[in-house]
Amino acid sequence: MSAHAEAHGHGRPGYDHPLPIHFSSRISPVIVGIFLFIGSEIMLFGSFFTVYFFDRVVNHTHPWPPHPYVRPVFVAGVNTLILVTSSFTMHWATVSIKRGNRAGLQAGMVLTFLLGLTFLLTQVIEYHRIGFNTSDTSFAATFFGLTGLHGCHVFVGLTILLAMTIRSFRGHFSPEHHHGIEVGGIYWHFVDVMWIIVYVTVYLL
Amino acid sequence: MTTAHDTHEHDAHAEHGEYVPPTGWHRWTYPGWLRILWVMPLFGGIGIGLVTLIRWAADWHPIYKGVPITTVLLTTLPLGFLAGLGGFDFWVRYSSGKPTIPDDHSRHGARSWRDYFRINTDHKVIGVQYLVTNMFFFLAGGMLILLARAELAHPGTQYFNPQTFNALMTDHATLMIFLVIVPAFAGLGNFVIPLMIGAGDMAFPKLNALSYWLLPIAGVELLAGLFVPGGGPNSGWTCYAPLCEHQPLGNVFFNMGVQWAGASSIMTALNFLVTIITMRAPGMTFWRMPLLVWANFTTSMLVVLATPFIAGSQFFVMFDRVMHTNFFEAGNGGYVIGYQHIFWFYSHPAVYIMLLPGFGIISEVVSVMSRKPIFGYRLMALSLLAILVLGFSVWAHHMFIAGMAGWLRVPIMVTTLLIAVPTGIKVFSWLATLWEGRIHFTTPMLWAVGFIFCFVIGGLSGIWLGAVPIDVQANQSYFIVAHIHYVLFGGSIFTIFCGFYYWFPKMTGRMYNERLGQLHFWLTFIGFNLTFFPMHYLGLQGMPRRVADYANRFGGINEFVSIASFGLGASTLVFLYNIVWSWHHGPPAGRNPWRALGIEWQVDSPPPLFNFEEEPQVVGSPYEYGVPGARHVIFGAPQPEPVSAGH
């Protein structure tokens, strides 16, 4: 950006064009930003875990889940494996572009996107067949709350992945410039790790 | 963001960074207010369509239902507004794989008043946008409470029924907190923080512009809530669930409005943090940062970590309303005071969000106006961090009488009293800075000293309230109203005025009228104390808060308080006249009217479009007043080795 401004080659700096940016940190602002954003996201999930804790532990709700609801532990477990796999393919895509391997980047992005999409569709079908609705007791509220919040994050993550996949097929990104992949990847890993916590809390415990 | 450069490549002016208005039908597709006219209804239609489709597919009846449609419209209409204005243009281009284009700066800076009504990436313009918006909602929130005070002047019902009265109170508090105090610090910070750390702009200018524009959306939704059929938001600014879920439609507007304000606040805070971490000038180590930068740093940490909790609490209320979940409904397994815990886990740190930047402003002004180095610079910074950490451990002192677990009372009382220690460190450091200084009682200094006076009163009543026995007695009484106004009006608003007067010459290049400024201070200071001090007495005598009617024996004092509150409201007119007049007719202020050391005072007033003609080089402490030959910053020095992130 500053290079473009320099190219004008006229006028006073500070008035017609900015000075080159001086960075006081070795990490790029975008990366610092995404990690802070994830901190914020963790707190948002934290508020949902808090209400889960209140409704289950503080309120002494026994048994959990209340009779007659059953949680689809196995299907969700397979789904967990799918999402965890997608983290590895995402990592593969990131490593590939760092080494300048475009085919690896493209294959990694497509695989990650498809695995994520499979996860989300499975979740939707699971909602459809689960046998209880949002309005059935606080168990259903926390179940749909936590998995739904996570589902929204998968949706946002998929949107980012789709955009980055398109860009990777248009020949964008290079070993030096791949913030889009890196940031999208960090976010995707966060979504995956958060799912493991959600799965253990909502389905297993 | 630089679509001007792409769609109108023939415009030679665009290369020079000048805004070229599009012509013909292009005006309808170009980011701006004309595009809003069709994008906003389009998004609204999409919203209604989605709700209808989902309700039809799930076989829920009735298919058209007021609450879900209102909730979705309060999300999609603002999104349409932002899309029309051009808030998303850059990211849409980027993610759809179009080549990114070099920034031509055509959206940077203001050349006419119209540029304040666009997506503008200049942090100085955004700062002014914030402050003017805050001023508008300050007046609106003030009007609301004056109406409520008129009702309270006499026992019985005069002008408003209790329902309307509750709506006035709720909107007053909500606007003052979410649309005035929190964003006013974001506005002042936006203007001065990049200058203070020697950066050309914020780290993410486009995000900065977007996060400002979320704010008027929040304000309009909160105000609009007053006028919807059924009644305005009437469950208090805390909007406790499950109470608020059974209240009129106006509460949906509160619900969504707070979400927009929260999103704006998180995005701005994130931007501040990244800017302070990555964009400091050479030589600006963490221990050379001005205390306002420190204060904004800690505040932003609080915002990023705490604000998601209020988002969460409002999400639960939204789900309860729209999807009939039972997060808090006791009959269906919900935990009734769960909302209160989650809400206060944000809203107590929010008290510090509303105070810490003010502490930073006071530190700047007290040191400059006393011509002395700030006392205990490092301890001032560390006490901010202590408040940051302790602030997360005191939320339940708002709930001593709410029926929470009994064992939680004493630990929370201890942490609450403990947090007075870092706050006390700050107050005593300011006093020690004043000690034997050459004090100049200019308008900002008057506000700073007035702040210390009022804040100590509010802080002391806060310590009383932190003690469980007193809280059990005084909670839900006017004593709380007195306390909260001594810390948020006598505290936060005073610091905002202080900062506003202090940086007014930097923002406009002109000096305000000193006599009017001092008149404004004295009118506000006296009006404020006459209004709120008697409330301590009212509360201890047993007058409950949040009531439209009260026992006859409180009549006399309430009449006095109402008259004083109108005087307090009128004092704002002096301020308005002063800034509006001085903005155009004030005497030129020059670069450094206060003879301050900070980087922001070494550039022109108002600062050049890109802040700096030469790279600033920080060589010392920002507060070495009265020390011969002390420099904080030099310009155009040869580059030293790069400084890492400051550890």
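The values are calculated or read from the model by the stated rules, or taken from the named source; none is laboratory data. Everything quoted here is computed from the prediction, not taken from an experiment. Neighbour counts run over all protein chains shown; Cβ positions are idealised from the backbone, glycine included.
A compact table of results
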{"read-out": "Checking B:GLU245 against (1) over 20 Å from A:ARG26 (Cα atoms); (2) modelled with pLDDT of 90 or more, the condition it does not meet", "value": "(2)"}
{"read-out": "Sole exception among (1) away from every other protein chain (no Cβ under 14 Å); (2) touching a Gly at 6+ places or on another chain (Cβ under 8 Å); (3) more than 27 Å from B:ARG118 (Cα to Cα) for B:TYR240, by number", "value": "(2)"}
{"read-out": "Among the residues listed as B:ILE48, B:ILE63, B:ILE69, the single one being of a type in the set (Val, Ile, Thr) and under 30 Å from the mean Cα position of the chain (by Cα)", "value": "B:ILE69"}
{"read-out": "Residue in the range B:375-384 that is among the charged types (D, E, K, R), over 20 Å from B:PHE494 (Cα atoms) and surrounded by 20 or more Cβ atoms within 10 Å (Cβ to Cβ) present", "value": "no"}
{"read-out": "Out of B:LEU147, B:LEU152, sole residue that is aliphatic (A, V, I, L, M), without any contact (Cβ under 8 Å) to a residue 40 or more places away in the chain, more than 29 Å from B:ILE36 (Cα to Cα) and in contact with a helix residue (DSSP H, G or I) (Cβ under 8 Å, 6 or more places away or on another chain)", "value": "B:LEU147"}
{"read-out": "Failed item in (1) out of contact with any Pro (no Cβ under 6 Å at 6 or more places or on another chain); (2) touching a residue at least 12 places away in the same chain (Cβ under 8 Å); (3) more than 30 Å from B:TYR502 (Cα to Cα); (4) not β-branched (Val, Ile, Thr), with B:GLY86 passing the rest", "value": "(1)"}
{"read-out": "Matching option when the condition is in contact with a helix residue (DSSP H, G or I) (Cβ under 9 Å, 6 or more places away or on another chain), within 26 Å of B:GLY509 (Cα to Cα), within 14 Å of chain A (Cβ to nearest Cβ) and of a type in the set (A, V, I, L, M, F, W, C), among B:ALA199, B:ALA263, B:ALA269", "value": "B:ALA199"}
{"read-out": "Sole residue being among the aliphatic types (A, V, I, L, M) and either outside the structural domain of B:ALA295 (by TED's automatic domain parsing) or under 22 Å from the mean Cα position of the chain (by Cα) (or both), chosen from B:VAL481, B:VAL472, B:VAL427, B:VAL468", "value": "B:VAL481"}
{"read-out": "2 or more residues within 13 Å of another protein chain (Cβ to nearest Cβ), under 24 Å from the mean Cα position of the chain (by Cα) and under 22 Å from B:ALA199 (Cα atoms): qualifying helices (runs of 4 or more DSSP H) within the range B:279-384", "value": "B:291-322"}
{"read-out": "Breaking point among (1) modelled with pLDDT under 95; (2) under 29 Å from A:LEU149 (Cβ atoms), for A:HIS10", "value": "(2)"}
{"read-out": "B:PRO593 farther than 26 Å from B:PRO373 by Cβ, under 28 Å from the mean Cα position of the chain (by Cα) and not assigned by TED's automatic domain parsing to the domain that holds B:ASP171", "value": "no"}
{"read-out": "Flag for B:ASN166 being on the phi < 0 side of the Ramachandran plot, among the polar types (S, T, N, Q) and either crowded, with 24+ Cβ neighbours inside 10 Å or under 15 Å from the mean Cα position of the chain (by Cα) (or both)", "value": "no"}
{"read-out": "Residue tally, condition more than 12 Å from chain A (Cβ to nearest Cβ), among the hydrophobic types (A, V, I, L, M, F, W, C) and crowded, with 21+ Cβ neighbours inside 10 Å, over the range B:596-635", "value": "5"}
{"read-out": "Residue within the range A:149-172 that is within 11 Å of chain B (Cβ to nearest Cβ), among the hydroxyl-bearing types (Ser, Thr, Tyr) and over 25 Å from A:PRO29 (Cα atoms) present", "value": "no"}
{"read-out": "Selection within the range B:83-134 - part of a helix (DSSP H, G or I), among the polar types (S, T, N, Q) and modelled with pLDDT of 85 or more", "value": "B:GLN129, B:THR133, B:ASN134"}
{"read-out": "B:VAL274 more than 10 Å from chain A (Cβ to nearest Cβ) and in a helix (DSSP H, G or I)", "value": "no"}
{"read-out": "Within the range A:1-117, helices (runs of 4 or more DSSP H) holding 2 or more residues that are more than 14 Å from chain B (Cβ to nearest Cβ) and more than 30 Å from B:ILE277 (Cβ to Cβ)", "value": "A:73-98"}
{"read-out": "Failed item in (1) surrounded by fewer than 21 Cβ atoms within 10 Å (Cβ to Cβ); (2) of a type in the set (A, V, I, L, M, F, W, C); (3) closer than 28 Å to B:ILE634 by Cα; (4) at pLDDT 95 or above, with B:PHE204 passing the rest", "value": "(4)"}
{"read-out": "Tabulated pairs, the range A:91-111, first on the phi > 0 side of the Ramachandran plot, second assigned to a loop (DSSP other than H, G, I, E, B) and β-branched (Val, Ile, Thr), C-beta under 7 angstrom, 6+ apart or interchain", "value": "none"}
